[in-house]
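Working notes, beginning with the structure itself.
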Amino acid sequence: MDNRTAGRNTQPEQTEGTTMKIGIIGAGNIGGNLTRRLTALGHDVSVANSRGPETLTALAQETGATAVTAAEAARGAEIVVVTVPLKNVPDLPDGLLDGAAEGFTVIDTGNYYPRERDGRIDAIEDDGLTESRWTERRIGHPVIKAFNGTYAQDILDRPRPAGDPERLALPVAGDDAAAKEKVRLLIDELGFDTVDAGGIDDSWRQQPDTPVYGLREGVDAVTKALSEASPERPEGFRG
Ligand SMILES: NC(=O)c1ccc[n+]([C@@H]2O[C@H](COP(=O)([O-])OP(=O)(O)OC[C@H]3O[C@@H](n4cnc5c(N)ncnc54)[C@H](OP(=O)(O)O)[C@@H]3O)[C@@H](O)[C@H]2O)c1
């Protein structure tokens, strides 16, 4: 799912929703493209990587986002997106979410790739934690799992207006109904339908190698794919 993208139209689009302050931690394939789209929609985006804001000047210039340190990214944010490789979640600074807006929501886009990238995480494999439950324990705040099975390039290339027969649907899991609704509205604004995939303990249904992972279909097919998932961790995703 690696599709880093070159520049694109950065003129603001018509925004129907309210402008929000959004912090994005991770500026790679997913974080970069969410920065591009969310700024284009008029949101006030701060974006961070591990190497520091001076390495993000090109993305900041392209999009109008503010490049910041990871420790600063959540400040004042109503939505914080954590989009770093799972192996790097423990490296995130203490106090990562300090100073976020009251009632803020965290989106987790992460996936566990033990063999290719992340190494073995015992709490996921031995204790049976879902990947997002593990992440929320590390960062100390509930998360909403979204975008984890979405090709990064699709965030730029496949938005469609509501009602378009080609509109893709993304599964969204989370325990807090209000936070999940906020994320579903944001994804709608980004040009995608959503399907409620249950709570974080159910989010194995959308982890790597499940039927819905990488599925480019609408609401009905995504709903069906979620129902066909197996809770057993696939062999290729064991460390
Ligand atoms: N690629 C896809 O299409 C895709 C799709 C869905 C979900 N995902 C999942 O989303 C997550 C991110 O994927 P990606 O492909 O966007 O990753 P990526 O392209 O490798 O980018 C990772 C980003 O995280 C940053 N980072 C790493 N450690 C950090 C730290 N301690 N503090 C702040 N930033 C840190 C990196 O900064 P530096 O470059 O400065 O180190 C980089 O900007 C992964 O869990 C992945 O499995 C990916």
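Out of all the residues in region 218-231, is one or more farther than 25 Å from ALA177 by Cα and of a type outside the set (A, V, I, L, M)? Within region 218-231, not a single residue is farther than 25 Å from ALA177 by Cα and of a type outside the set (A, V, I, L, M). Of all residues in region 146-165, those satisfying the criterion of being more than 10 Å from the ligand (Cβ to nearest atom) and in contact (Cβ under 8 Å) with a residue 40 or more places away in the chain are LEU156, ARG158, PRO159, PRO165. Taking region 40-57 as the range and being out of contact with any Pro (no Cβ under 8 Å at 6 or more places or on another chain) and either more than 16 Å from the ligand (Cβ to nearest atom) or modelled with pLDDT under 95 (or both) as the test, the residues that pass are HIS43, ASP44.
Within the option set ALA101, ALA123, being away from the ligand (no atom under 13 Å from the Cβ), among the aliphatic types (A, V, I, L, M), farther than 15 Å from GLY31 by Cβ and touching an Asp or Glu at 6+ places or on another chain (Cβ under 7 Å) holds for one residue only, ALA101.
Just one of the listed residues (ASP108, ASP118, ASP91) is under 12 Å from HIS141 (Cα atoms) and charged (D, E, K, R), namely ASP108. Filtered by the rule that a residue be of a type outside the set (Lys, Arg) and surrounded by fewer than 22 Cβ atoms within 10 Å (Cβ to Cβ), region 211-224 gives PRO211, TYR213, GLY214, LEU215, GLU217, GLY218, VAL219, ASP220, ALA221, THR223. Among the residues of this structure, ILE22 does not count as one that is within 8 Å of the ligand (Cβ to nearest atom), modelled with pLDDT of 95 or more and either within 28 Å of ARG138 (Cα to Cα) or in a helix (DSSP H, G or I) (or both).
Just the residues that are more than 9 Å from the ligand (Cβ to nearest atom) and in a loop (DSSP other than H, G, I, E, B), please, taken from region 72-91. Once the filter is applied, which keeps residues that are more than 9 Å from the ligand (Cβ to nearest atom) and in a loop (DSSP other than H, G, I, E, B), region 72-91 yields GLU72, ALA74, ARG75, GLY76, ALA77, GLU78.
Among residues belonging to region 114-146 that are within 17 Å of the chain's Cα centre (by Cα) and of a type in the set (A, V, I, L, M, F, W, C), point out the one that is surrounded by the fewest Cβ atoms within 10 Å (Cβ to Cβ). Filtering region 114-146 for residues that are within 17 Å of the chain's Cα centre (by Cα) and of a type in the set (A, V, I, L, M, F, W, C), the one surrounded by the fewest Cβ atoms within 10 Å (Cβ to Cβ) comes out as ILE139.
The values are calculated or read from the model by the stated rules, or taken from the named source; none is laboratory data. On a predicted model such as this, the values are computed, not experimentally measured, just so you know. Methodologically, a virtual Cβ is constructed for each residue, glycine included, from the backbone with ideal geometry; neighbour enumeration extends over all protein chains shown.
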